[in-house]
Amino acid sequence: MKRKKLQAFFLFALFLMPGILVAQTAEEIIAKHIEAHGGADKWEKVEALKIKGRFTAFSLEKDFTSYKTKCGAYYSDLYLGEQHVFEGFNGKCGWTIDPWQEIEYARNINSNETNVFKQKAEFFTPFLNYKKKGHKVEYIGKENVDGDEMFVLKLTREDGKSEKWYLNTKTYLEYKCEAPWVDFAQAVPAEMYFDDFRKVDEIIVPFFIERIFWQRDRITQIESVELNPKIDKSLFAMPKRKEISKLAFMEGDWDVKLEFMGRRGTYRDRGNTESCIKFASTNLLQEQISYENGFPNNLSINFTYDAGTKKYRIAAFNDFTSTFDMFQGELKDNILVMEDTQVSYSDKPSATRMCRQFIYTKVDNNQFTVENKISTDEGKTWKPQARLTYTRKSENTLSKK
Amino acid sequence: MKKTNLLFTICALLFSTLLNHASAQEAPNQEWNQFRGANRSGSTDNIELMSFTDKAPKLVWKKKLGDGFSELTISGGNIYTMISVRKDSITGDEFIAAFDEKTGNEVWKTRVDNMFFDTFGDGPRSTPAIGEKNVYSLSSYGKLSANSKKDGKTLWQVDFMKEYGSKIPRWGFSSSPVIVGNNVIVEVGGTDSRAFMAFDKKTGKEVWKKGEGIATYNSPVHGKINDKECIIFANGRKVYSLTTAGDTLWTYNSPISNPTGMPIVFDGNKIFISAVRNPGFIVLEVNNNKATEISRGTSMKNDYSSSIYHDGYVYGFHVAALQCISVKTGEKKWTKRGYGKGSLIRIGDQLLVLSDKGKLIQVKATPDAYTELGNIQAIDGKSWTAPSFANGKIYLRNLTEMACYELK
């Protein structure tokens, strides 16, 4: 019985043996690879990198600047041919402004691009702390590439996408990588080549990286690497569109004074409420506000800018009436005039229809007003109905809240 | 006195005969009168260049030039090429133009079409063919023109889109015409079996038409296969071999799609064809008017730059890596990176490689190893046009300027 157990143990151990050997080999190669890059201790002290150099795309060489952080954030300002491109990634999701795609504003990146940005965010080698990052590595074997013997490692990221890395058996530095890449946001396989390794302080980085995918060729020639630079973290955040940014004076937490028009033609105080206005997306400013006018009204007001018509739009949902209302307008000299004269929900024009207008006026950085008017002659004349005065909450009132 | 005169005349005649004989021998190599030069091979033989490190190339001149990627053709003391000149941000003109070979100064320019605009680079891609008296060019919008070499006067013009229903390819009409006997032959991409056509050199009248398919970026090769004169076209996924009269010798359904690089005829009956998509390249062998694929591989994927064949090896840009492969086995002999999507020609036993950013590199045409003999930053900016070589000088062009360097 004992003997059988022993046999079973040895059989089981034998079954596991190749895996153990392979794992050890991969570990050993990676350890030497990290050592070749300056050593784990040196890299441990690196919190962020600022990389400057020349980037070539479509045979045009231009300056670029990139930032990378230990937590996987990445930002780059580069030229792709003649087009100025910006990229940002916070470690999980990212954005790009790429005029090649005829989109001049920041857009969210897709899943293929996310994988590429994860690669771009690496401190050159993905094998640094690869287990912590959730990467899995498998040793494939040795291969001759362009006359030199290479260790071939398969690296699989958390998202399941894998890369094949070729490390020179003499130097343990990377020579080539085959990885999924993107071209115009579409997945394509790519080959990368690394050369011109230089010492920066005590770490070793490749100053020449050539990437080939499809018939494209991209060359990164690094000129300087700064360790642990000061980084403005807002760099990684998705930039708002230029036009919606002009409404930033409305962003914040507000005390709102309500005044409704009385019978005598003067505004009457109807108490106070609160409003919270924040950017929810690159082209979306959202307001949540509640007030009572007989019954409670909870409003969700969405501001956007339509590049096609070059006008601002409001889509407001009132849970009391349970309807969406649309308004459109322009911003001039910090006064946003929105109305629904151009919006119709009926096929036939109505002689009795009532149009509404909202005028947002910036007073200063801590105050703006909204005046509501109505018109029964399709906007020829307007009658005031209500006025809301927004005053920015102070730190004290915010903390109380 | 009479005896002296007679002796002088005999000597002069002998000298003249010797001189004529020598220049006749060298003539084919001394001009670069069509796309890829003599035989469209991108090669010139019987010339030995000194190493750049022993004798640095000497700049003869550098001139601004209208936008374009058309190669510089050199004949009879002039450079002929196609250029475009912008009027404003959306309009401009395309020209066939002549420049003095010695100075780079404009001799004449004649408008052939509207300017072709593109985000990757404006201007014409096609290279003119130089005849005895005239120059033949294909504009970006598909107008084949004949112009007098002397003064640029337009002798005739054929509009492919109007006459033959051709459609403009993404990068504009880019095929470079070839002169064969009394005809100019070029890819047309027209309807009703007008993929390729021959036109009378003198009149521009249609001589023959053949083949199916839209206009691509391939230029016809004129050469000999099994000692028979023929024209090779590779468009879409088909390779055509035609007689100079337009009769089909054979066709081959090719796995190579829309090659832009020139097919290379070598060893008397073999053809190397490469494109950037898989499989990369194939080699065809032609026997008894039947083409058979004898090898294929992924080690050479030419994009818009054509490869060079020399002594059993192909040298070319595998996308953006300068590479040497065995044409027999496809085995990669060496690779050199860093020149982007450059171009190359062969002068004797040397390769003259132009990087996509205008660096001119002299490399030994040997499979043994990448051996650089020297380099100079010859021209700046986007340089996608292959060099031309004539009379000991190399002529380079980037998107907006051209330069001449003396090499011997």
Quote the charge dipole size of the range A:44-92 about the Cα centre in Debye, to the nearest 20; the model charges only the Cβ of Lys and Arg (+1) and of Asp and Glu (-1). 220 debye
Of B:Thr154, B:Thr127, B:Thr81, the one that fluctuates the most in a GNM where chain B has Cα springs shorter than 10 Å: B:Thr154
Given an 8 Å cut-off on Cα distances and at least 6 residues of separation, report the relative contact order of the range A:242-400 as a percent. 18 percent
What do you get for the angle between helix A:2-36 and the principal long axis of chain A? Use alpha-carbon atoms, 0 to 90 degrees, nearest ten. 70 degrees
Just to confirm the filter: which trypsin sites (Lys or Arg not before Pro) across the range A:279-348 are DSSP coil and have at most 11 other Cβ within 10 angstrom of their Cβ? A:Lys310
Averaged over peptide A:191-203, how many Cβ atoms belonging to another chain are found within 10 Å of each residue's Cβ? 1
What is the sum of charges around A:Ser224, taking Lys and Arg as +1, Asp and Glu as -1, for the other residues whose C-beta is under 9 Å from the C-beta of A:Ser224? 0
To the nearest 20 debye, what charge dipole does the range B:32-406 have about its Cα centre, counting +1 at the Cβ of each Lys and Arg and -1 at the Cβ of each Asp and Glu? 340 debye
State, as an integer percentage, the relative contact order of chain A based on alpha-carbon contacts under 8 Å between residues 6 or more apart. 10 percent
Quick check: pseudo-label points 7 Å beyond the Cα along Cα→Cβ at B:Ala56 and A:Lys310, how many nm apart are they? 5.4 nm
Once Lys and Arg are counted +1 and Asp and Glu -1 for all other residues with Cβ under 13 Å from that of B:Lys210, the total becomes -2
If you average the alpha carbon positions of the range B:180-194 and of the range B:359-389, how far apart do those two centres end up, in angstrom? 34 Å
Along the charge dipole of the range B:32-406, pointing to its positive end and built from +1/-1 on Cβ of Lys, Arg, Asp and Glu, which listed residue (B:Gly104, B:Ser254, B:Ile325) has its Cα farthest out? B:Ser254
Which of rounded, prolate, oblate describes chain B, given a ≥ b ≥ c as roots of the alpha-carbon gyration tensor eigenvalues and a/c under 1.5 marking rounded, otherwise prolate only if a/b is larger than b/c? rounded
Whole Å is fine, so just give me how far the alpha carbon centre of the range A:169-232 lies from that of the range A:286-301. 53 Å
Neighbouring partner chain Cβ atoms per residue of A:58-66, average, 10 Å criterion: 4
With no solvent term and unit scatterers on the alpha-carbon positions of the range A:273-383, Debye gives log₁₀ I(q)/I(0) at q = 0.11, 0.19, 0.22 Å⁻¹ of -0.38, -1.19, -1.52
Give me a single rounded figure for B:334-340: the average over its residues of other chain Cβ atoms within 10 Å of their Cβ. 5
Ranked on Cβ counts within 10 Å of their own Cβ, fewest leading, A:Arg107, B:Arg170 go B:Arg170, A:Arg107
For the protein assembly as shown, size of Cβ-based charge dipole, Lys and Arg +1, Asp and Glu -1, in debye: 560 debye
If we sort B:66-77, A:116-127, A:339-350 on the protection proxy, mean other Cβ atoms within 10 Å, highest first, what's the order? B:66-77, A:116-127, A:339-350
How large is ³J(HN,Hα), in whole Hz, for each residue of the range B:151-162 in order, when computed from phi with the Karplus curve 6.51 cos²θ - 1.76 cosθ + 1.60 and θ = phi - 60°, using x for Gly and Pro? 10, x, 4, 6, 9, 7, 8, 10, 9, 5, 5, 6
Relative contact order [Cα under 8 Å, 6+ residues apart], chain B, whole percent: 14 percent
So for B:Glu206, B:Glu31, A:Glu104, B:Glu187, fewest C-beta neighbours within 10 Å to most, what's the order? A:Glu104, B:Glu206, B:Glu31, B:Glu187
Given Cβ charges of +1 for Lys and Arg and -1 for Asp and Glu, the option among B:Ser343, B:Ile214, B:Ile273 whose Cα lies farthest towards the positive end of the dipole of chain B is B:Ser343
Compare the Cα positions of A:Gln101, A:Phe89, A:Ser59 along the charge dipole of the range A:19-236 (+1 at Cβ of Lys, Arg; -1 at Cβ of Asp, Glu; about the Cα centre) and return the one farthest towards the positive end. A:Phe89
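Read-outs: derived from the displayed coordinates by stated rules, not from any lab. This one's a predicted model, so the numbers in the text were calculated from it and none came from an experiment. Neighbour counts run over all protein chains shown; Cβ positions are idealised from the backbone, glycine included.
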